[in-house]
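Please read the structure below before turning to the comments.
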Amino acid sequence: MHSIGRLQDTRALLEAAFEGDEDLVLKFLKKGLPVDAAPASGVTALSEAAAAGKPRVVELLLERKARRHR
């Protein structure tokens with residue numbers, strides 16, 4: 001995955017996590033995007049899901065070894 005595509009996928013993963021879209025989050029992870037993928041800001045899917053109050057996505061990410069702290 002080249003860097004522009006990966007950045008776009010990372011942003012889409014963060015949005016999916018924030019929206020609570022478990023299926024889309026899984027799609028990106030199965031595609032090979034790291035569970036802790038983050039843009040330069042350091043925001044992760046886990047932090048987005050937690051901030052948006054999406055416990056099912058939080059659990060999904062933690063089951064896949066997302067780091068709780070960066």
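Of A49, A40, which residue is free of Cβ contacts under 8 Å to residues at least 24 places away in the same chain and out of contact with any strand residue (DSSP E or B) (no Cβ under 7 Å at 6 or more places or on another chain)? Steps first, please.
Details: A49 fails: free of Cβ contacts under 8 Å to residues at least 24 places away in the same chain.
Matching residue, one of A49, A40: A40.
For (1) at pLDDT below 95; (2) under 17 Å from E19 (Cα atoms); (3) of a type in the set (A, V, I, L, M), each residue gets a yes or a no:
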| site | (1), (2), (3) |
| --- | --- |
| K31 | yes, no, no |
| S41 | yes, no, no |
| A45 | no, yes, yes |
| A52 | no, yes, yes |
| P55 | no, yes, no |
| L61 | no, yes, yes |
| R67 | yes, no, no |
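For the stretch 6-31, which residues satisfy the criterion of being closer than 10 Å to K54 by Cβ and among the β-branched types (V, I, T)?
V25
The values are calculated or read from the model by the stated rules, or taken from the named source; none is laboratory data. The model shown is predicted, which means the values in this text are computed figures rather than measured ones. Neighbour counts are summed over all protein chains in view; Cβ atoms, including those assigned to glycine, are modelled from backbone coordinates with ideal geometry.
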